[in-house]
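The next block holds one structure in the form of structure tokens; read it before the comments.
The values are calculated or read from the model by the stated rules, or taken from the named source; none is laboratory data. For clarity, every value in this text was computed on a predicted model and none was experimentally measured. Note that we place each Cβ from the backbone using ideal geometry, even for glycine, and neighbour counts take in every protein chain shown.
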Amino acid sequence: MNKRNFLKNLGLAGISSLTGFERLDNLLSTVQHKEAASLAVDEDFWLAIRAGYSLKPDYINLENGYYCITPQEVLEKMILHAREVNYQGSYYMRTVQWDNKQSICTQLAQLAECTPEEVIITRNTTESLDTIIQGIDWRSGDEAVMAEQDYGAMLDMFKLQAQRHGVVNRVVSVPNHPITDDEIVNLYAAEITDKTRLLMVSHMINITGQILPIRKICDMAHARGVEVLVDGAHAFGHFKFSIPELNCDYYGTSLHKWLSAPLGCGMLYVKKGKVRPLWQMYGDMGKDPDDIRRINHTGTHPVYHDLAIGNAIEYQTRIGLERKEARLRFLQNYWTNKVRHWPRIVVNTPADPARSCGIANVGIEGMKPHDLAETLLKQYRIWTVAIDGANVHGCRISPNLYTTVSELDQFVKALYELSHL
């Protein structure tokens, strides 16, 4: 075996040799007989899962939407990857980093149920979506459709295209409590004209947790000759779906959110045949115009984070995405069902379980979101984030697998006391 093949095998073996997860496997072996819905309410099981996280005791963390804490099993493996890369130095970087990166892309593609040729690893959703927004060959007068509830950085990127290329941005406002899918689809459809080039839509709206009917929106847009870019920051690794089944053209997500990979890990999907027209963000002239890696040249980066994505996938696969989704959905419904009809309480997330999963947003009439978040932290030691705009006024509440029912009971008690002042 030559040195190159030896190093390649060493790099990949480094991944496989770190997949013991013995404690997790032993725990899961005790619940193999349980359906996901039944396991979702098994507090003893989830307390054991919680033991696999290192959690700061100063507060109850109900703000996992920004970044989901990495489980210790994954974190320790990332550290080992960092040591190995540091040990090999530039030898690793010049020989096998791209082979190993492609191996992780293949695993991500399997998770997304697409082909490896349609996936690249990025640093976050913003980079993923910006790669597409700035990559389109815009002409003055071209139009783009989006919602005011979309992530602010993406709206800003469209504003930049308006300033630079004369793009016209048409902005809708998504209702917090839609009655039907058609209500949402028609909202976007009404803004499409013969000048519309791109429609951006959030799979899960980041400020409320509302899940939008992406397939129906994509089918509608494609029938009108419009491409669709999906912001999947909060959906991937949160609930089960297949990217190809969405029928979108582009899909971006952050793997350090609900997949719980280390910080600085994202993914971009570009449907086969859609790469060639895109301008890359950085110069990289040596690849085939149809090769998705052409739009992925960002220079030297911490490759051990890429390797740890594989371990995050392994962690989630062992638990099972169906079980994970059921637990997150249970936690959200547990607290929202208690408070949704209380006086002064405003839940900005649909009650229909098909329109949400783990994230919800709640406000108190007469109390500014910033004041609510500050009071929850200072008086009740509960960490959240205030949202005050785009017809959403409250705090985003995003528990994680380690969140306990008793912690949510403390949150519910806080809401009761604050709403009865």
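Could you go through region 155-174 and let me know if any residue there is assigned to a helix (DSSP H, G or I) and among the small types (G, A, S).
yes
Go through (1) among the aliphatic types (A, V, I, L, M); (2) part of a helix (DSSP H, G or I); (3) within 21 Å of L255 (Cα to Cα) for L376 and report which single condition fails.
(3)
Among the listed residues L328, L259, which satisfies the condition of being within 17 Å of the chain's Cα centre (by Cα) and not in a loop (DSSP other than H, G, I, E, B)?
L328
Report whether or not I192 is among the β-branched types (V, I, T) and either farther than 13 Å from V226 by Cβ or part of a strand (DSSP E or B) (or both).
no
Given the condition surrounded by 17 or more Cβ atoms within 10 Å (Cβ to Cβ) and of a type in the set (D, E), answer yes or no: does some residue in region 92-110 qualify?
No - not one qualifying residue is present in region 92-110.
To keep it simple, each residue is scored yes or no on (1) over 22 Å from the mean Cα position of the chain (by Cα); (2) closer than 30 Å to T125 by Cα.
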residue	(1), (2)
K34	yes, no
V41	yes, no
R50	no, yes
K56	yes, yes
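Starting from region 373-393, take each residue that is on the phi < 0 side of the Ramachandran plot and list its partners that are in a strand (DSSP E or B) and among the charged types (D, E, K, R), counting only C-beta distances under 7 angstrom and pairs at least six apart or across chains.
Note: pairs meeting the criteria are W383/E63; T384/E63; T384/R396; V385/E63; V385/R396; I387/R396.
Which ones in region 347-358 are crowded, with 18+ Cβ neighbours inside 10 Å and touching a residue at least 60 places away in the same chain (Cβ under 8 Å)?
Residues satisfying the conditions are N348, T349, P350, R355, S356, C357, G358.
Taking the conditions exactly as written (under 30 Å from Q107 (Cβ atoms), surrounded by fewer than 21 Cβ atoms within 10 Å (Cβ to Cβ) and more than 13 Å from the chain's Cα centre (by Cα)), does K216 satisfy them or not?
yes
Every residue in region 133-150 that is in a loop (DSSP other than H, G, I, E, B), touching a residue at least 40 places away in the same chain (Cβ under 8 Å) and either hydrophobic (A, V, I, L, M, F, W, C) or surrounded by fewer than 20 Cβ atoms within 10 Å (Cβ to Cβ) (or both), please.
Q134, G135, I136, D137, W138, G141, D142, E148
Would you mind finding the one in L55, L39, L24 that is surrounded by 13 or more Cβ atoms within 10 Å (Cβ to Cβ) and at pLDDT below 95?
Result: L24 is the single residue among L55, L39, L24 that is surrounded by 13 or more Cβ atoms within 10 Å (Cβ to Cβ) and at pLDDT below 95.
What's the total number of residues in region 110-127 that are assigned to a helix (DSSP H, G or I), among the hydroxyl-bearing types (S, T, Y) and out of contact with any Gly (no Cβ under 6 Å at 6 or more places or on another chain)?
Number satisfying all stated conditions: 1.
Check whether at least one residue in region 96-103 is charged (D, E, K, R) and either part of a loop (DSSP other than H, G, I, E, B) or outside the structural domain of G264 (by TED's automatic domain parsing) (or both), and report yes or no.
The answer is no, given that none of the residues of region 96-103 is charged (D, E, K, R) and either part of a loop (DSSP other than H, G, I, E, B) or outside the structural domain of G264 (by TED's automatic domain parsing) (or both).
Search region 371-407 for residues being within 29 Å of Q72 (Cα to Cα) and small (G, A, S), and hand back the single one that is surrounded by the fewest Cβ atoms within 10 Å (Cβ to Cβ).
S406
From the list I309, I359, I397, exactly one residue is within 17 Å of the chain's Cα centre (by Cα) and assigned by TED's automatic domain parsing to the domain that holds M146. Which is it?
After applying the criteria, what remains is I309.
Listed residues M154, M200; which is in contact (Cβ under 8 Å) with a residue 40 or more places away in the chain, under 21 Å from the mean Cα position of the chain (by Cα) and under 20 Å from N247 (Cβ atoms)?
M200
Do we find that A351 is of a type outside the set (D, E, K, R), modelled with pLDDT of 95 or more and not in a loop (DSSP other than H, G, I, E, B) in this structure?
Here the answer is no, as A351 does not meet what is asked.
Quick one: would you say D130 is part of a helix (DSSP H, G or I), out of contact with any strand residue (DSSP E or B) (no Cβ under 6 Å at 6 or more places or on another chain), without any contact (Cβ under 8 Å) to a residue 12 or more places away in the chain and of a type in the set (D, E, K, R)?
No; evaluated as a whole, the condition is false for this residue.
I'd like the residue in region 271-324 that is small (G, A, S) and exposed (fewer than 14 other Cβ atoms within 10 Å of the Cβ) and, out of all such residues, is farthest from T106 (Cα to Cα).
G283
Here is a yes/no grid of residues against (1) in the same structural domain as T404 (by TED's automatic domain parsing); (2) in contact (Cβ under 8 Å) with a residue 60 or more places away in the chain; (3) aliphatic (A, V, I, L, M); (4) over 18 Å from D249 (Cα atoms):
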residue	(1), (2), (3), (4)
G65	no, yes, no, yes
A82	no, yes, yes, yes
A109	no, no, yes, no
T115	no, yes, no, no
V119	no, yes, yes, no
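Of everything in region 329-346, what is in contact with a strand residue (DSSP E or B) (Cβ under 9 Å, 6 or more places away or on another chain), touching a residue at least 24 places away in the same chain (Cβ under 8 Å) and on the phi < 0 side of the Ramachandran plot? Give them in sequence order.
Result: Q332, W335, T336, V339, I345, V346.
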